[in-house]
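Structure, as structure tokens:
The values are calculated or read from the model by the stated rules, or taken from the named source; none is laboratory data. From a predicted model like this one, the values you see are computed outputs, not experimental measurements. Cβ: placed from backbone, ideal geometry, glycine included. Neighbour counts: every protein chain shown. What goes into the accessible areas is simple: the full protein's heavy atoms, side chains included, and nothing from ligands, DNA or RNA. Shrake-Rupley method; radii C 1.70, N 1.55, O 1.52, S 1.80 Å.
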Amino acid sequence: MTVRAMLEGDIPAVVEIERECFTAEAWSEGSFKYRLGKSGFISLVAVDSGEVVGYIAASEILDEQYLDSLAVRADYRGQGIATALMKSAFDTEKTVYLEVRESNLPAINLYKKLGFEEYAKRRDYYENPTENAILMRNEK
């Protein structure tokens, strides 16, 4: 498995993973294409045997970074791919912020393992179903 910059040709596979993981609020192809090559955006994919098996989309503003979306195909989970994507995307000297569904315990556990801590909640932030968002950061 390798992590590399997302290319336009990767986007159909990325959108398929996005829809598998985030049915209610899935990003469109246009959302991913917009970010490619633009300053302030980080877009990486994890590739295994020529297939895109995961991706990360992040953004950066001054000395802060934000996890915008992270997903791994269901049949590749538990193999350290999300960890590899997170470590490849973020500068260890900058604070990273993220939000996650309160019920997404596998993601919350991953973020805690990577040093993130909860600092707030947004009530009823997500829809379909309505759910709180947990705000986390790995303050530097």
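Sort out which residues of the range 18-47 are over 23 Å from residue 96 (Cα atoms) and open to solvent by less than 40 Å² (accessible area, probe 1.4 Å), and write them in order of number. Hit for the range 18-47 is 47, nothing else. Within the range 72-85, the set of residues being hydrophobic (A, V, I, L, M, F, W, C) and at pLDDT below 95 comprises just one member, 74.
Please go through the range 48-66 and give me each residue that is in contact with a helix residue (DSSP H, G or I) (Cβ under 9 Å, 6 or more places away or on another chain) and open to solvent by less than 70 Å² (accessible area, probe 1.4 Å), ordered by number.
Going through the range 48-66, the residues in contact with a helix residue (DSSP H, G or I) (Cβ under 9 Å, 6 or more places away or on another chain) turn out to be 48, 51-59, 65.
Across the range 48-66, the qualifying residues are 48, 52, 53, 54, 55, 56, 57, 58, 59, 65.
Just to be sure, is residue 73 under 16 Å from residue 15 (Cβ atoms) and surrounded by 14 or more Cβ atoms within 10 Å (Cβ to Cβ)? Criteria met by residue 73. The residue of the range 94-132 that is surrounded by the most Cβ atoms within 10 Å (Cβ to Cβ), among those that are β-branched (Val, Ile, Thr) and farther than 24 Å from residue 40 by Cβ, is 108. Filtering the range 1-17 to residues that are touching a residue at least 12 places away in the same chain (Cβ under 8 Å) and either outside any helix (DSSP H, G or I) or open to solvent by 50 Å² or more (accessible area, probe 1.4 Å) (or both) leaves 1, 2, 3, 4, 5, 6, 7, 8, 12. For the range 51-71, the criterion of being of a type in the set (D, E, K, R), under 16 Å from residue 3 (Cα atoms) and free of Cβ contacts under 8 Å to residues at least 40 places away in the same chain is met by at least one residue. Could you please find all residues in the range 1-58 being at pLDDT below 95, under 13 Å from the mean Cα position of the chain (by Cα) and of a type in the set (Gly, Ala, Ser)? Hit for the range 1-58 is 26, nothing else. Is it the case that residue 91 is closer than 18 Å to residue 57 by Cβ, acidic (Asp, Glu), in contact with a strand residue (DSSP E or B) (Cβ under 7 Å, 6 or more places away or on another chain) and open to solvent by 30 Å² or more (accessible area, probe 1.4 Å)? Answer is yes for this residue.
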